[in-house]
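Just below is one structure, and these are the notes that go with it.
The values are calculated or read from the model by the stated rules, or taken from the named source; none is laboratory data. The shown structure was predicted, so the numbers you read here are calculated from the model rather than taken from an experiment. In this analysis, Cβ positions are derived from the backbone assuming ideal geometry, glycine residues included, and neighbour counts consider all displayed protein chains. The accessibility values were calculated without ligands, DNA or RNA, using every heavy atom of the protein model including side chains. Shrake-Rupley method; radii C 1.70, N 1.55, O 1.52, S 1.80 Å.
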Amino acid sequence: MKTALQGLFPEELQALCKAAGQPAFRGTQLWQWLQVQGATRWEQLGNLPRALKEELAESHTPGPAILLKESGEPGGTRKWLIGLADGENVETVLIPARARHTVCVSTQVGCKMGCAFCASATGGYARNLSAGEIVAQVHLAAAQIGRRPDNVVYMGMGEPFDNYDETLKSVRLLNHPAGLHIGARRITLSTSGVIPGIRRLAGEGLQVELSVSLHAADPELRRKLMPVENKYPLDELLRECAAYTVETNRIITFEYTLIQGVNDSVRAAEELADRLRRFPCRVNLIPLSPVAEFAGVAPPRAAMEAFLQALARNGVEGTLRESKGKGVDAACGQLRRRNRPAE
Ligand code: SAH
């Protein structure tokens, strides 16, 4: 499979051009076309010698992510089905909010984590995305909205810390001052709780935001919702999160998807607060998006507000996220699955 050029730093592009017998500045020109102009086709790279392009084209591509299909509502969340060079699909979501545009990127084709309520797992896991395939999703979004997106969240398909190296490289590329230059604080990595990834991130010296998906404060319940609990148990996970906040001096956001009658009681909120009060953090409450494979539904608004208030009463700050994308295809993974040919 051809390597995505969007996954290479300026120095790597320079080395690539030198290896092709060209001066290093050709690499800088390539970077400009790809990361500043957002070029995705060889024809767009106007000032580069044809011979260089032909040689690079044997092993590299400037178009690793192609828009196949869009769903969404005018002015609302837009969801794109993305075609990759080997014919696999992922999804990228654009969430417009007031003046800011947030792009939600995928890091894997499918996912191995198997969370009960998540559509990504049900389509099966195929492979990791390369850094270039991740970066290309943001460029694709930029081309669609006609400007640079403000925030990038790694909350699409896949588990970022199950694809740690390519994910981190994509963060550094997006953050690169000579490229899109998306501020580290405007980039959020979201993990289902892969402890080694949290530990490694703490040592990266990056000011990125970290979200950890919890969904339950009781280990037994969490195990039913998230098989990752078997490998990385809640107590250990929260110890690691506390260590992360000390080491990085940064707050963690915990994602908590509310499911009626499952994890939405005031008692569950108190339990959650008991565990989280000990270190600086906040909780993002997300109403469950309906997925075909999971019987649960989101609680009524009043129950979600009661949950939020119980957190606050017990010393933990939370926010209730509006459910967006209901009219589209709700949760991630659904577009990809629906697009699959019958087997
Ligand atoms: N694997 C990473 C990032 C991708 S999922 C993680 O688990 O954090 C991004 C967030 O969406 C996670 O918190 C995930 O649990 C949540 N999510 C998945 N399916 C959902 C659904 N049907 N309704 C609401 N939230 C969902």
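Structure notes:
- Residues that are in contact (Cβ under 8 Å) with a residue 60 or more places away in the chain and within 8 Å of the ligand (Cβ to nearest atom) were ranked within segment 290-306; the one that is most open to solvent (accessible area, probe 1.4 Å) is Phe294.
- Number of positions in segment 185-211 that are touching a residue at least 40 places away in the same chain (Cβ under 8 Å) and within 14 Å of the ligand (Cβ to nearest atom): 10
- Test: Val93 is of a type outside the set (Lys, Arg) and within 16 Å of the ligand (Cβ to nearest atom): yes
Quick grid of which residues meet (1) among the acidic types (Asp, Glu); (2) over 29 Å from Met226 (Cα atoms); (3) assigned by TED's automatic domain parsing to the domain that holds Gly27; (4) open to solvent by 10 Å² or more (accessible area, probe 1.4 Å):
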position: Val171; (1), (2), (3), (4): no, no, no, no
position: Gly179; (1), (2), (3), (4): no, yes, no, yes
position: Arg186; (1), (2), (3), (4): no, no, no, yes
position: Gly197; (1), (2), (3), (4): no, no, no, no
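- Yes/no for Leu48 being within 17 Å of Val103 (Cβ to Cβ) and of a type outside the set (S, T, N, Q): no
- The set of residues from segment 61-77 being crowded, with 16+ Cβ neighbours inside 10 Å and at pLDDT below 95 comprises Ser71, Gly72, Thr77.
- Considering residues of segment 140-158 that are in contact with a helix residue (DSSP H, G or I) (Cβ under 8 Å, 6 or more places away or on another chain) and closer than 16 Å to Ala97 by Cα only, the residue nearest to the ligand (Cβ to nearest atom): Val152
- Condition met for Gly158 (within 24 Å of Pro227 (Cα to Cα), modelled with pLDDT of 95 or more and not charged (D, E, K, R)): yes
- Residue within segment 225-236 that is outside any helix (DSSP H, G or I) and crowded, with 17+ Cβ neighbours inside 10 Å present: yes
- The set of residues from segment 115-134 being of a type outside the set (A, V, I, L, M), in a helix (DSSP H, G or I) and touching a helix residue (DSSP H, G or I) at 6+ places or on another chain (Cβ under 6 Å) comprises just one member, Gly132.
- Test result for Arg267, more than 15 Å from the ligand (Cβ to nearest atom), surrounded by fewer than 16 Cβ atoms within 10 Å (Cβ to Cβ) and assigned by TED's automatic domain parsing to the domain that holds Leu189: yes
- Among the candidates Arg222, Arg250, Arg275, Arg282, residue that is out of contact with any strand residue (DSSP E or B) (no Cβ under 8 Å at 6 or more places or on another chain), open to solvent by 20 Å² or more (accessible area, probe 1.4 Å) and of a type outside the set (Phe, Trp, Tyr): Arg275
- The residue that is most open to solvent (accessible area, probe 1.4 Å), counting only those in segment 112-129 that are more than 11 Å from the ligand (Cβ to nearest atom) and not small (Gly, Ala, Ser), is Tyr125.
- Filter result (touching a residue at least 60 places away in the same chain (Cβ under 8 Å), outside any helix (DSSP H, G or I) and under 15 Å from His139 (Cα atoms)) within segment 4-52: Ala4, Leu8, Gly38, Thr40
- Residue within segment 202-225 that is β-branched (Val, Ile, Thr), assigned by TED's automatic domain parsing to the domain that holds Leu173 and under 16 Å from Val153 (Cβ atoms) present: yes
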